[in-house]
Amino acid sequence: MLSDVPTRETALELFRKYNKSDSLFKHALAVESVMRYMARKSGQDEEKWGVIGLIHDLDYEMYPDQHCVMTKKILEENRWPEEYIRAVLSHGWELASDVEPVTVLEKTIYAIDELTGLVATSALVRPSKSVLDMEARSVKKKWNDKKFAAGVNRSVIEKGAAMLGVNLDDLITDCIMGMREVAEEIGLKGG
């Protein structure tokens, strides 16, 4: 199907083939947007980073017990470049994959995947229900409450920030800024 560099359109088509969940799609869009934001900020390839962010949970809905394993298989069958596959697998390091993040792209997706969930949940409990007026301190207020967004692995976020050499507040701010760009599509524009 694919012979050279994957485009957003091919990634979207493949994602939709394996996922019907609206919440998983919104998560994919959030991660894509933050990856694009981070790529622009660091002078990297925005399209590549965005495509990897969009496709990162490709197998999660259909194969939750084989997360990352099936993604690797599907992407290989579709002749995706090894560099893309490796980057996608790195987001699940020590959870669903043994691919350790080494490039800036890989460290970034590892750090922000879980963080987008925490930012989204934090936005939804705000009066505005929006990321457009949210700041890092709103997310940090909820950080130590392990019952809040209990599924979010905060240690992964901390480890990712350390890998990137950035402080947590700055990473949260970057995540919010990236998510603002798709606030409407991900249901976080508010009223």
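The values are calculated or read from the model by the stated rules, or taken from the named source; none is laboratory data. Keep in mind it's a predicted model, so treat the numbers as computed, not measured. Here Cβ is always computed from backbone atoms with ideal geometry, including for glycine, and neighbour counts include all displayed protein chains.
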All but one of (1) out of contact with any strand residue (DSSP E or B) (no Cβ under 9 Å at 6 or more places or on another chain); (2) surrounded by fewer than 17 Cβ atoms within 10 Å (Cβ to Cβ); (3) in a loop (DSSP other than H, G, I, E, B); (4) without any contact (Cβ under 8 Å) to a residue 60 or more places away in the chain hold for Lys73, so report the exception by its number.
(3)
Conditions (1) touching a residue at least 40 places away in the same chain (Cβ under 8 Å); (2) over 14 Å from the mean Cα position of the chain (by Cα); (3) crowded, with 18+ Cβ neighbours inside 10 Å -> Val119 fails only (2)
Qualifying positions in the stretch 98-114 - more than 22 Å from Leu29 (Cβ to Cβ) and either buried (at least 24 other Cβ atoms within 10 Å of the Cβ) or among the polar types (S, T, N, Q) (or both)
Thr103
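Looking at the stretch 57-96, which of its residues are hydroxyl-bearing (Ser, Thr, Tyr) and under 19 Å from Ala39 (Cα atoms)?
Taking the stretch 57-96 first, the residues hydroxyl-bearing (Ser, Thr, Tyr) are 60, 63, 71, 84, 90.
Within the stretch 57-96, Tyr84, Ser90 qualify.
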With (1) modelled with pLDDT of 95 or more; (2) surrounded by fewer than 17 Cβ atoms within 10 Å (Cβ to Cβ) as the list, and Pro64 as the residue in question, which single condition is left unmet?
(1)
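Confirm whether Gly50 is assigned to a loop (DSSP other than H, G, I, E, B), modelled with pLDDT of 95 or more and among the small types (Gly, Ala, Ser). Walk me through how you get there before you give the answer.
Numbers: assigned to a loop (DSSP other than H, G, I, E, B): no; modelled with pLDDT of 95 or more: yes; among the small types (Gly, Ala, Ser): yes.
Spelling it out, it is not the case that Gly50 is assigned to a loop (DSSP other than H, G, I, E, B), modelled with pLDDT of 95 or more and among the small types (Gly, Ala, Ser).
Please indicate, with yes or no, whether at least one residue in the stretch 33-45 is in a helix (DSSP H, G or I), closer than 13 Å to Ile112 by Cβ and β-branched (Val, Ile, Thr). Before you say what the answer is, go through the steps one by one.
Here is the first cut: in the stretch 33-45, the ones in a helix (DSSP H, G or I) are 33-41.
From what's left, closer than 13 Å to Ile112 by Cβ: 33-39, 41.
Then keep just the ones that are β-branched (Val, Ile, Thr); that gives 34.
Among the residues of the stretch 33-45, at least one is in a helix (DSSP H, G or I), closer than 13 Å to Ile112 by Cβ and β-branched (Val, Ile, Thr), which makes the answer yes.
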Please specify each residue of the stretch 43-96 satisfying the condition of being small (Gly, Ala, Ser) and within 16 Å of the chain's Cα centre (by Cα).
Gly50, Gly53, Ala87, Ser90, Gly92, Ala96
Could you please let me know if Glu181 is out of contact with any His (no Cβ under 7 Å at 6 or more places or on another chain), surrounded by fewer than 19 Cβ atoms within 10 Å (Cβ to Cβ) and either without any contact (Cβ under 8 Å) to a residue 24 or more places away in the chain or at negative phi (or both)?
yes
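Of the residues in the stretch 143-157, how many are part of a loop (DSSP other than H, G, I, E, B), farther than 12 Å from Val119 by Cα and within 17 Å of the chain's Cα centre (by Cα)? Talk me through it step by step, then tell me what you get.
Here is the first cut: in the stretch 143-157, the ones part of a loop (DSSP other than H, G, I, E, B) are 144-153.
Right, trim to farther than 12 Å from Val119 by Cα and you get 144-147, 150-151, 153.
Next, from what is left, pick out any that are within 17 Å of the chain's Cα centre (by Cα): 151, 153.
Counting residues in the stretch 143-157 that are part of a loop (DSSP other than H, G, I, E, B), farther than 12 Å from Val119 by Cα and within 17 Å of the chain's Cα centre (by Cα) gives 2.
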Positions within the stretch 6-42 being under 13 Å from the mean Cα position of the chain (by Cα) and among the acidic types (Asp, Glu), in sequence order:
Glu32
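Residue by residue, here is whether (1) loosely packed, with under 15 Cβ neighbours inside 10 Å; (2) within 24 Å of Leu95 (Cβ to Cβ); (3) in contact with a strand residue (DSSP E or B) (Cβ under 7 Å, 6 or more places away or on another chain) holds:
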{"position": "Ala136", "(1), (2), (3)": "no, no, no"}
{"position": "Val139", "(1), (2), (3)": "no, yes, no"}
{"position": "Lys147", "(1), (2), (3)": "yes, yes, no"}
{"position": "Ser155", "(1), (2), (3)": "yes, yes, no"}
{"position": "Gly165", "(1), (2), (3)": "yes, yes, no"}
{"position": "Ile172", "(1), (2), (3)": "no, yes, no"}
{"position": "Ile186", "(1), (2), (3)": "no, yes, no"}
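Which members of the stretch 4-47 meet the condition of being under 22 Å from Ile176 (Cβ atoms) and aromatic (Phe, Trp, Tyr)?
Within the stretch 4-47, Phe25, Tyr37 qualify.
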